[in-house]
Amino acid sequence: LVGIGYNPIPLGLVEYLREKRNLQYVPRRIAETTTEYKQLIAYVWLETEDGHVMSYTRGKYSSAHRTLLLGRQSVGFGGHVLQQDAENLFAASDAGIQQAAEREVSEELKTKISLHAQPVGMIWDESSFEGQKHIGIVMRGIIPWRRQPANRGREQSINQIQFLTKRQLWDAYHAMEFWSQLLIREFASDVKPQVISTIVPAARPRTIGHIVLVGEIANGKSSIATALAQKHGYRVISASGTLRRILGVADMGEKHRLEFQEIALKFINTDTGPATLARAIADEILAGGSGVAVIDGVRQINTLAALRAVLPSVIVLYIDCPRDIACSNYQTRLPGATISQFAAVREHEVEAELPLFRYEADAILNNADKFENTMSVLLRWLEGRTK
């Protein structure tokens, strides 16, 4: 299989999992270092009989990958299938998926629960290194009650458990981790709103100075910067372009991005790298005279801190985007690029801090829709309109 997304569970996969010779126990510490094996994940969507879906927020002590899941909202209770699950007396027909699902949900909710859940689909995701190690077996089940669990405190693996209608899931779509977004698209498609893109907080800062666009590769930063320049006449400053001028390196093009990333990493890891880049960006802005500038492509927290020191009026706008849409954007930019190539450039070490910028941003724009819808949301926000 190749791709990204949710699919109904193939009959061939069910038959494959029934055969124990197709399964192998690998210690977790080893499994996390290789893509030779696919780790089985039971990923459980739970809803009540009246159609409310259980949702929660990943807590500080979740085992979730820091930049992919921590602090994100989720509708999937995910747990690795352990050797004890697969070797259970009742696990012969599904490689322990049902056992893993019941164990995971019971552990997270701190109560023993017998799930009425069936495997309905699978998530295959090659768009990140984490996704390449896993295969998600989606279970859809009914939970027999709808009550708020006791206060779990702030240091749990899951927090803020709540039951949401399917329309409310779309209201929270921008805050969901990627696999949950896939399930919302699949299981709540009948109430999908016309516009998904959104910006939070809804009210913009009182003063708009220069705008720093940050976000992961192919999330739409450059397209948004170009559109703002066309609409409002803002000047666009490319942080990568500024860095190339500092280093005396020509534009290598998208095909050679990995080579440039290596060069950029060495520079930015020097003691003076972040401040030097920030100062050069500021000088370029000031040399252009008055007017708003859009800075596209700052990649390190230290660079942003140095830039804020010399340009205190900047606002930071984090551009978020579902990974499958970002991958499609990247393949449009570089025809013929594979999903694995997309994952390699997106998760290069020089890009590692980008997901953390959401905690530094003045606002987060979720580019989850048609580009014109995303721009309409952003332009209304810049004009101070919240509706």
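The values are calculated or read from the model by the stated rules, or taken from the named source; none is laboratory data. None of these values were measured; they are calculated from a predicted model. Neighbour counts run over all protein chains shown; Cβ positions are idealised from the backbone, glycine included. Areas reflect the complete protein model, heavy atoms only, side chains present, ligands, DNA and RNA absent. Shrake-Rupley method; radii C 1.70, N 1.55, O 1.52, S 1.80 Å.
For this structure, a couple of remarks:
- Any chance G336 is in contact with a Gly (Cβ under 8 Å, 6 or more places away or on another chain), surrounded by fewer than 22 Cβ atoms within 10 Å (Cβ to Cβ) and assigned to a loop (DSSP other than H, G, I, E, B): no
- Verdict on M139 being touching a helix residue (DSSP H, G or I) at 6+ places or on another chain (Cβ under 6 Å), modelled with pLDDT under 95 and not in a helix (DSSP H, G or I): yes
- Lone qualifier among Q194, Q168, Q148 - being modelled with pLDDT of 90 or more, surrounded by fewer than 18 Cβ atoms within 10 Å (Cβ to Cβ) and over 21 Å from the mean Cα position of the chain (by Cα): Q194
- Residue that is modelled with the lowest pLDDT, among those in the stretch 151-165 that are among the polar types (S, T, N, Q) and open to solvent by 50 Å² or more (accessible area, probe 1.4 Å): N151
- Check on V310, touching a helix residue (DSSP H, G or I) at 6+ places or on another chain (Cβ under 9 Å) and surrounded by fewer than 18 Cβ atoms within 10 Å (Cβ to Cβ): yes
- Checking E49 against (1) within 24 Å of the chain's Cα centre (by Cα); (2) open to solvent by 90 Å² or more (accessible area, probe 1.4 Å); (3) at pLDDT 85 or above, the condition it does not meet: (1)
- Among the criteria (1) free of Cβ contacts under 8 Å to residues at least 12 places away in the same chain; (2) touching a helix residue (DSSP H, G or I) at 6+ places or on another chain (Cβ under 7 Å); (3) not β-branched (V, I, T), the one H256 does not fulfil is (2).
- Residue in the stretch 196-204 that is closer than 23 Å to S127 by Cα, in contact with a strand residue (DSSP E or B) (Cβ under 8 Å, 6 or more places away or on another chain) and assigned to a loop (DSSP other than H, G, I, E, B) present: yes
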